Structures are given as C-alpha cells and as structure tokens.
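Worksheet: one structure, shown below.
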Amino acid sequence: MRQLPLSLSLAFITAAFMLVTVLTMGIAAHRRRIAMLRCVGMTRGGVALLMLAETAVLAFAGWALGLLAAMGLVQVFLLVEGSAELPNLVHADWRAPALTGGLALATALVAAIAPALHAAKIAPLEVVQSVPSDVRRVSVARTLLGLALLLPIVLLSLPFDVTSKTRLI
C-alpha cells in the first residue's frame, strides 16, 4: 500500500510523456496537412483545438484499454492466488472509473499544451516549401530496450519473497 501513490504518479507521468511524444511525432508527420488546413482558412486556435481533440481520443482509448487490462489482471491474480481470505471476484463501483477517467483526461490535456502550441505555429506557406519531415524510423532495438526497462516493475509487483523496502526501491 505504501507503493500505491508512487506507482500511480509514475503511471500518469509516463502516460503524459508518451502522449507528448506521440503528438509531437504526429505533428511532424502531418506538418504539410496542417499547413494545408491553415491555407484553406483554419485558424491557429482551430489547429490547437484539433490537437486537443486528438489528445482526448488517445487518452480515452488508453484509459479504457488500461482499465479493462487492470481489471482483468486483478481477476487473474485472484484466481491464481486462490486464498480463502480473498474474494473470488473484485467489483469496482462507479467512482473508480470516473476518477481515473477524469485524471487521465486532465493529464492528457496538460500533456497536449506544448504540442498544440507547436502545431498552431505552423505557417500556411509551408505547403509550398519542401520542408523535410522530422519523423525518424522506429528503432526496434530502442523499443526492446524500453520494454526491458519496464520489466522489473512487472516482476516486482508479483508476489515474490522480497521485502517491501526492496520493492519500493
């Protein structure tokens, strides 16, 4: 229980950085399309609102999938544990999804401020300029390294014979 606030805060910080990265990459990939929208009359505020709407969709999808995955993992843990003290099923009332959804949306909107401002600064004349894209290929080695760095978090959450102080560290 002592690790819960730390785990939750790290999860939302990680989600915020992932959203900033995804949105920034999306801006680089669609820079020409955004400039075309600006040419046909979309305002800077409209571009920023478009980015915020994209962020809300990404945040909602991530929240829904994360909520379903978390509930599924809790159920699997309870089935594997099989203790008489634990209930067979865990039911969450309406407050858990509502609070996590609100927190996910707030985190996403804070994370979207910088990419939305960056997208709003795209000039309409970039359509005629041949601006090279900032998008790089996805590195498989870096992706696997990132997943490997997340692996200890999953392993330490399993019920091994490790002291709570070691788990916290």
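What does the extension gain come out to for Phe17 and Val138, with contour length at 0.36 nm per residue minus their alpha carbon separation?
Details: separation 121, 0.36 × 121 = 43.56 nm, distance 1.71 nm.
My answer for the length gained is 41.9 nm.
Can you tell me the FRET efficiency between Leu125 and Ala29 if r is taken as the Cβ-Cβ distance and R0 is 30 Å, rounded to the nearest 0.05?
On the way: r = 19 Å, r/R0 = 0.64.
My answer for the efficiency is 0.95.
FYI, it's all coordinate maths here, none of it is from the lab. Every value quoted in this text rests on a predicted model; they were computed, and no experiment measured them. Positions of Cβ are generated from backbone atoms using ideal geometry, with glycine treated the same way; all protein chains shown enter the neighbour counts.
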